[in-house]
Amino acid sequence: MSVRSANGAFGKRRQNHVLILASGDKVRHMTVSPWMVALATSAAGVFAAGYLAATAYLVLRDDLIGGTIARQARMQHEYEDRITALRAQVDRVTSRQLLDQQIVEEKVEKLLQRQLALSTRTGKLGVLAGSGKDPDDIGQEASVPATEPLAYERGADTSGGIKAIEKIMGMAGEDAEPSGRHAALGFAPSADVNENAESISDRADRIFSKATLSLKGIEHDQMAHLRLMTDSARRTSEAIRTIVERTGFSLPASPEASAADAARETGVGGPFVEPQDEDRFDQSLVALDSALVELDRTRDAARRLPLANPAPASDVTSGFGNRPDPFLGRLALHAGIDFRAAIGTRIRSTAAGTVTAAGPAGGYGNMIEVDHGNGVSTRYAHLSVILVNVGDQVKADDVIGKSGSTGRSTGPHLHYEVRLNGQAVDPMRFLRAGTKLAGYLH
């Protein structure tokens, strides 16, 4: 038996709503269930939401499109700016590469020009050295060691940049990169390159510094060699003059001294100022040329003097000066020196000159007199045979006669005299001078 609540409402079924539609005589009704109401409400809500969304889209569409376009424009501008920056960077790298290449080529050209100048200087030194004795040959200080030029006989392609310098300097193996990459001007190192590695510009500067220092070293050696040769030539010329002056004969003054004497006589003067716009090497070259010319003149003047021995294999039996006369027994001047020489011994001229006498000459017997210039003459007396005639030109060491015992003589020998301006002087001075000058004149 069911139990009902006291108020009679518990468990009572709820009535559905009825929708009545009347049209004329016709009456229709439709029962509206709760689920139908819920469905209609949901459909209305969906429609309203769609309507609102469509309305909002229509209202905000222009703003969304504008924002999208603006965002795309910003992205495009950013890409264009980035492309422009990359192009500018490429232009800078290209310009730097071209500039560096031009700078390197200019430096290479300067180095090659300097090398050519040094090569030309070496040729001038060779010409001058060929006209005079080397310091080693005249017994002076040793010359500066020869320095090999860097590329005198071979050119270099300046388009090679640093590699051209390395080719000149012979540094391709020393500075080659271990990775095998060729160093290029304007090379932008990648991220994997060590930041502490030597940069291209530093490497180029180091190579150019080495090349410049090497060329300066060659130039310094050349200047030192020039000074050494100049000083050696001057010392040799002065030594020759000093030795010759001990004989009582003075060699002719140098052209520079003659010019200075002439200037003093004419009364000119003024402060000494170095010539303008002249290279130091050219000045040193002129000084060396003057010194070598003066040395040649001094040697030529000394070679004209009677410095040789007229009878090399013979001994001196009587010297120059006062001695007892062999015939009178009283003191008399012996104007020359006597050489022990058997009859027929060949007698040689002691210097080049002109024969001024050739024949009998009183107490001299058969005599030859040779004029050597500058007031110097020699006499060869008591000869058995005369092989020259007056006016003949003889050279040093030419056989001009044979020894004998003609004239005022006690036996076979050679009487040899040296005269300065007609006055007899001791021939031994010239013989000793010839011995000392042998290393300077030959």
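One table, with the values for the structure above:
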{"item": "In the range 416-436, residue nearest to the chain's Cα centre (by Cα) [restricted to those that are surrounded by fewer than 20 Cβ atoms within 10 Å (Cβ to Cβ) and assigned to a helix (DSSP H, G or I)]", "result": "Lys436"}
{"item": "Residues located in the range 311-335, provided they are over 60 Å from the mean Cα position of the chain (by Cα) and open to solvent by 40 Å² or more (accessible area, probe 1.4 Å)", "result": "Thr317, Asn322, Arg323, Pro324, Pro326, Phe327, Leu328, Gly329, Arg330, Leu331, Leu333"}
{"item": "Arg348 of a type in the set (Lys, Arg), open to solvent by 10 Å² or more (accessible area, probe 1.4 Å), at pLDDT below 90 and farther than 20 Å from Thr247 by Cα", "result": "no"}
{"item": "Subset of the range 355-370 [more than 20 Å from Val425 (Cβ to Cβ) and at pLDDT 90 or above]", "result": "Val355, Ala358, Gly359, Pro360, Gly365, Asn366"}
{"item": "Index of the failed condition, Thr120 passing every other in (1) surrounded by 14 or more Cβ atoms within 10 Å (Cβ to Cβ); (2) out of contact with any helix residue (DSSP H, G or I) (no Cβ under 9 Å at 6 or more places or on another chain); (3) at pLDDT below 75", "result": "(1)"}
{"item": "Residue match in the range 224-234 (condition: at pLDDT below 70, open to solvent by less than 70 Å² (accessible area, probe 1.4 Å) and in contact with a Leu (Cβ under 9 Å, 6 or more places away or on another chain))", "result": "no"}
{"item": "Any hit, the range 303-310, residues being under 15 Å from Pro412 (Cβ atoms), open to solvent by less than 20 Å² (accessible area, probe 1.4 Å) and in contact (Cβ under 8 Å) with a residue 60 or more places away in the chain", "result": "yes"}
{"item": "Unmet requirement for Asp338, which otherwise passes all of (1) open to solvent by 20 Å² or more (accessible area, probe 1.4 Å); (2) on the phi < 0 side of the Ramachandran plot", "result": "(1)"}
{"item": "Any pair with Cβ under 8 angstrom, 6 or more apart, that starts in the range 18-39 at a residue that is in contact (Cβ under 8 Å) with a residue 12 or more places away in the chain and of a type in the set (A, V, I, L, M) and ends at one that is assigned to a loop (DSSP other than H, G, I, E, B) and open to solvent by less than 100 Å² (accessible area, probe 1.4 Å)", "result": "Val32/Asn16"}
{"item": "Where a residue in the range 373-392 is touching a residue at least 24 places away in the same chain (Cβ under 8 Å) and assigned to a strand (DSSP E or B) and its partner, wherever it lies, is surrounded by fewer than 17 Cβ atoms within 10 Å (Cβ to Cβ) and among the acidic types (Asp, Glu), with Cβ under 6 Å and at least six apart", "result": "Ser377/Asp371"}
{"item": "Gly180 being in contact with an Asp or Glu (Cβ under 7 Å, 6 or more places away or on another chain), modelled with pLDDT under 70 and within 30 Å of Arg92 (Cβ to Cβ)", "result": "no"}
{"item": "The range 99-115, subset more than 17 Å from Leu215 (Cβ to Cβ) and in contact (Cβ under 8 Å) with a residue 40 or more places away in the chain, residue surrounded by the fewest Cβ atoms within 10 Å (Cβ to Cβ)", "result": "Glu105"}
{"item": "Of all residues in the range 283-302 being charged (D, E, K, R) and open to solvent by 20 Å² or more (accessible area, probe 1.4 Å), the one that is farthest from the chain's Cα centre (by Cα)", "result": "Asp300"}
{"item": "Residue list for the range 398-415, restricted to those being crowded, with 16+ Cβ neighbours inside 10 Å and assigned to a strand (DSSP E or B)", "result": "Ile400, Gly401, Lys402, Ser403, Gly404, His413, Leu414, His415"}
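Table: residues versus (1) over 22 Å from Met223 (Cβ atoms); (2) at pLDDT 65 or above; (3) among the hydroxyl-bearing types (Ser, Thr, Tyr).
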| site | (1), (2), (3) |
| --- | --- |
| Thr242 | yes, yes, yes |
| Ser250 | yes, yes, yes |
| Pro255 | yes, no, no |
| Glu265 | yes, no, no |
| Gln276 | no, no, no |
| Gln283 | no, yes, no |
| Ala287 | no, yes, no |
| Ala301 | yes, yes, no |
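Per-residue answers, yes or no, for (1) open to solvent by 90 Å² or more (accessible area, probe 1.4 Å); (2) in contact with a strand residue (DSSP E or B) (Cβ under 7 Å, 6 or more places away or on another chain); (3) modelled with pLDDT of 85 or more; (4) assigned to a helix (DSSP H, G or I):
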residue	(1), (2), (3), (4)
Ser42	no, no, yes, yes
Gly45	no, no, yes, yes
Ala53	no, no, yes, yes
Ala56	no, no, no, yes
Asp62	yes, no, no, yes
Ile69	yes, no, yes, yes
Ala85	no, no, yes, yes
Gln97	no, no, no, yes
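The values are calculated or read from the model by the stated rules, or taken from the named source; none is laboratory data. Note that this is a predicted model, so its numbers are computed, not measured. Positions of Cβ are generated from backbone atoms using ideal geometry, with glycine treated the same way; all protein chains shown enter the neighbour counts. Surface areas here come from the heavy atoms of the whole protein model, side chains and all, with no ligands, DNA or RNA. Shrake-Rupley method; radii C 1.70, N 1.55, O 1.52, S 1.80 Å.
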